[in-house]
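Q: I have a structure here, written as structure tokens, and I will follow up with some questions on it.
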Amino acid sequence: MDTKKDARVPNRSSHTPWRRIDGRAVIVQPIAGRVHELNPVGTRLWENADGKRTLAEIAAEISGEFATPAEEAFGDAAEFYSELEKLGLIEFR
Amino acid sequence: MSILDRLRTRSAELLVPFQATIELTYRCNERCGHCYLATYDDHADGRVPLSREEWKRVLDQLAEAGTLVLIFIGGEAMLHPDFWELAEYGASRGFALSLITNGLLIDDRAADRLAAMRFYQVSISLYSLDPAIHDRMTRRKGSHARTLGAVERLRARGLEVIVNCLLTSANIDSCFELEDWAKARGVRVQFDPMVTPKSDSSLDPTLLRASREQLYRYYRELKRRGRPAGPAVAEPGPGFADEPVCNAGRGKCAVTAHGDLLTCLEVREVLGNFREAGFAELWGSPTAERIRGLRNRDLAFDSACGDGAFCDHCPGMAASETGDSRSEVPFLMELARIKRAVFSADGFEERLHPEERPVESSL
């Protein structure tokens, strides 16, 4: 897979309650009654899902920030966003 | 421990107001004798309630400070003319919305809107399954039917509903019928025997508290149903003396209809007003530091006695009832002793002075 060409743009719902507490994103899903607490990498991915950057751009940023090989960062980010999409927390544009 | 409970603990350590309760209005469409509010008038004493735009600026600051759970309360919060707009604004600022209401204004349309805004939780005050008891407590004829209807409407829309049932001498004897009804509908009930003084320290509501005999019967039935005496409280450990007495001004705060910032709904000592200073300044004020600095060792009684695991000291209640937030509250001490007598297996009940033992009713 060419990680530089994934132009999908992850976008978190503007009405999903969440806060960064002690360096970790806490996300509430009201109707489902679920609360998610993300690790530091997940927190950065969540914050970066702002509807402006492509998955490829976000993965490149994560790769640099967390000193992770580009391929691995892309794979992890794609998998993470896929899970969030299944949970209804983000959508791809 | 759930994620939310863990976050509450961590937020308290970080002094992040994880939960903020906002008294949107003091207007109410019920007249409960046990209510903690001293007035139903937003303009009492010549004070001016916050405008819609002022509330929005307060919400902005709470969001900035890290508040996640935003609880709307009144009076009846839904009577505020800007309730829906402020709820929508709160949702857009990333709060998990919660509402404490009597449900009288929740018709089908309102239930649809609450569901559409994805309220995290709606707590409804319901005092009995018996309409006569409920309506007598709310002093509003027909309120029981409307409140029951609200519970059903919200459940039908998948919202999490909690029935808040304050226990007084009028309803405690029939409270478990309400629990059975709620359980059959997948609704959680929270019983609370702690009737507090009014916000102006009037003790009138405390006259409605359940009697010792009633409380014994209540806790015995609770135990028979396999339920705990209350939220799990650890036995006082070695560091107990240095632990904060409560979460006030640490992981939670409250804002009055006039913009006063409080450390908690029960502690009515004002930190300052949002019209005069921003949240950060008020939260860091000497008054806030003093309230959150209260430790178990500062209390004027031995809170680590044998009743410790059953004792809930509330500085706000103590201040109202005794004039000193550090003093023991006789009612809370009695509750602790009753809970210990019923729930602990240390033979405590047999050691109680005869006057403190329950008098069994033959009724």
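The values are calculated or read from the model by the stated rules, or taken from the named source; none is laboratory data. What you are looking at is a predicted structure, and each value in this text was computed from that prediction instead of being measured. All Cβ positions, even for glycine, are placed from backbone atoms using ideal geometry, and neighbour counts span all protein chains on display. Accessible surface is based on the protein model in full, side chains and every heavy atom, while ligands, DNA and RNA are left aside. Shrake-Rupley method; radii C 1.70, N 1.55, O 1.52, S 1.80 Å.
Q: ³J(HN,Hα) across the range B:111-121 via Karplus (A = 6.51, B = -1.76, C = 1.60, θ = phi - 60°), whole Hz, x for Gly/Pro?
A: 4, 4, 5, 4, 5, 5, 7, 6, 4, 5, 7
Q: In what order, largest first, do B:CYS253, B:CYS311 sit by accessible area if the probe radius is 1.4 Å? Kindly include the intermediate steps, with their values, before the conclusion.
A: Numbers: B:CYS253 5, B:CYS311 25 Å².
Of B:CYS253, B:CYS311, the descending order of accessible area is B:CYS311, B:CYS253.
Q: Taking a ≥ b ≥ c as the square roots of the Cα gyration tensor eigenvalues, with a/c under 1.5 meaning rounded and otherwise prolate when a/b beats b/c, else oblate, which class fits the protein assembly as shown?
A: Values: a/c = 1.72, a/b = 1.58, b/c = 1.09.
Judged from the Cα gyration tensor, the protein assembly as shown comes out prolate (a/c at least 1.5, a/b above b/c).
Q: Relative contact order of the range B:117-262: what whole-number percent is it, with Cα pairs under 8 angstrom and at least 6 residues apart?
A: Details: 156 pairs, mean separation 26.6, N = 146.
Relative CO of the range B:117-262 lands at 18 percent.
Q: Need one number: % antiparallel among DSSP beta bridges in chain B, to the nearest 5.
A: On the way: 6 of 33 bridges.
Percent antiparallel among DSSP bridges in chain B is about 20.
Q: Additional query: What Kirkwood hydrodynamic radius, in Å, does the range B:11-152 give when the mean of 1/r is taken over all pairs of distinct Cα atoms and then inverted?
A: Final number for the Kirkwood radius of the range B:11-152 is 16.0 Å.
Q: Provide Rg and Dmax in Å for chain B, with only Cα atoms included in the calculation.
A: Just the Cα atoms of chain B yield Rg and Dmax of 20.4, 60 Å.
Q: Quantify how strongly other chains surround peptide A:8-17 by giving the mean number of their Cβ atoms within 10 Å of each of its Cβ atoms. Display every interim value, and only then the final one.
A: On the way: counts 0, 0, 0, 0, 0, 1, 4, 9, 4, 12.
For peptide A:8-17, the averaged partner shielding equals 3.
Q: For the ranges B:199-207, B:17-25, what's the packing order if you count other beta-carbon atoms within 10 Å of each residue, average per peptide, and put the highest first? Present the calculation step by step, with values, prior to reporting the outcome.
A: On the way: B:199-207: 14.1, B:17-25: 24.4.
Ranking, from highest mean packing down: B:17-25, B:199-207.
Q: Still on this model: Using R₀ = 35 Å, calculate the FRET efficiency as 1/(1 + (r/R₀)^6) where r is the Cβ-Cβ separation of B:THR322 and B:GLU243; round to 0.05. Mind dumping the intermediate values first?
A: On the way: r = 22 Å, r/R0 = 0.62.
About 0.95, to the nearest 0.05.
Q: Give the average, rounded to an integer, of partner chain Cβ atoms located within 10 angstrom of each Cβ in B:158-168. Provide the component values of the computation, followed by the final result.
A: On the way: counts 4, 3, 4, 0, 0, 0, 0, 0, 0, 0, 0.
The per-residue average across the peptide is 1.
Q: Same structure, new question: Give the average, rounded to an integer, of partner chain Cβ atoms located within 10 angstrom of each Cβ in B:90-101. If you can, show how the numbers build up before the last one.
A: On the way: counts 1, 5, 2, 3, 8, 4, 10, 4, 1, 0, 0, 0.
Shielding by partners across B:90-101 averages 3.
Q: Per residue, how big is the convex hull of the range B:107-262 when only Cα atoms are used? Give it in Å³.
A: Hull volume over Cα atoms, normalised by residue count, gives 180 Å³.
Q: Then there is this: Please find, in a Gaussian network model of chain A (springs between Cα atoms separated by less than 10 Å), the residue of A:ILE62, A:ILE31, A:ILE21 whose mean-square fluctuation is greatest.
A: A:ILE31
Q: Oh, and also: For the range B:149-194 and the range A:21-86, what is the centre-to-centre distance using only Cα atoms, to the nearest Å?
A: Each part reduced to its Cα centre gives a spacing of 39 Å.
Q: Quick one: of the DSSP bridges fully inside the protein assembly as shown, what percent are antiparallel, nearest 5? Present the calculation step by step, with values, prior to reporting the outcome.
A: Numbers: 18 of 45 bridges.
Here the share of antiparallel DSSP bridges comes out near 40 percent.
Q: Considering chain B as a Gaussian network with a 10 Å cut-off on Cα pairs, which listed residue, B:ASP324, B:ASP107, B:ASP45, attains the greatest mean-square fluctuation?
A: B:ASP45
Q: Tell me, what HN-Hα J-couplings in whole Hz come from the Karplus equation 6.51 cos²θ - 1.76 cosθ + 1.60 at θ = phi - 60° for each residue of the range B:38-54, using x for Gly and Pro?
A: Taking θ as phi minus 60°, the curve returns 7, 8, 10, 10, 5, 9, 4, 6, x, 7, 10, x, 4, 7, 4, 5, 5 Hz for the range B:38-54.
Q: Quick one: net charge of B:SER199's neighbours, Cβ under 10 Å, K/R +1, D/E -1? Numbers along the way, then the final one.
A: Details: positive: B:LYS198, B:ARG268; negative: B:GLU23, B:ASP200, B:GLU266.
Result for the neighbourhood of B:SER199: -1.
Q: How many nm separate the modelled label positions at B:GLU152 and B:ARG139, each set 7 Å beyond the Cα in the direction of the Cβ?
A: 2.9
Q: Here's a follow-up. What relative contact order, as a whole-number percentage, does chain B give when Cα pairs under 8 Å and 6 or more residues apart are counted? Could you put the intermediate results ahead of the total?
A: Values: 625 pairs, mean separation 62.0, N = 363.
Result for chain B is 17 percent.
Q: Another question, then. Wrap a convex hull around the Cα atoms of the range B:213-282, take a quarter of its surface area, and give that in square nanometres. Can you show the working numbers first?
A: Numbers: hull surface 31.7 nm².
Approximately 7.9 nm², given one-decimal rounding.
Q: What does the charge count around B:ILE106 come to, taking other residues whose C-beta lies under 11 Å from its C-beta (Lys +1, Arg +1, Asp -1, Glu -1)?
A: Net local charge, B:ILE106 excluded: 0.
Q: Moving to a separate point now. When the Karplus curve 6.51 cos²θ - 1.76 cosθ + 1.60 is applied with θ = phi - 60°, which whole-Hz ³J(HN,Hα) does each residue of the range A:64-72 get, with x for Gly and Pro?
A: 3J(HN,Hα) across the range A:64-72, in whole Hz: x, 5, 10, 6, 10, x, 3, 4, 5.
Q: Apply 1/(1 + (r/R0)^6) to the Cβ-Cβ distance of B:ALA132 and B:SER51, taking R0 = 56 Å, and write down the FRET efficiency to the nearest 0.05.
A: Working: r = 41 Å, r/R0 = 0.73.
The computed FRET efficiency comes out at 0.85.
Q: Right, here's the next one. At 1.306 mPa s and 10 °C, plugging the Kirkwood radius over alpha-carbon pairs of chain A into Stokes-Einstein gives what diffusion coefficient in µm²/s?
A: Working: Rh = 13.3 Å.
The calculation lands on 119 µm²/s.
Q: Assuming R0 = 25 Å, what is the FRET efficiency of A:GLU85 and B:TRP84, from their Cβ-Cβ distance, to the nearest 0.05? Mind dumping the intermediate values first?
A: Working: r = 30 Å, r/R0 = 1.21.
With R0 = 25 Å, the Cβ-Cβ based efficiency is 0.25.
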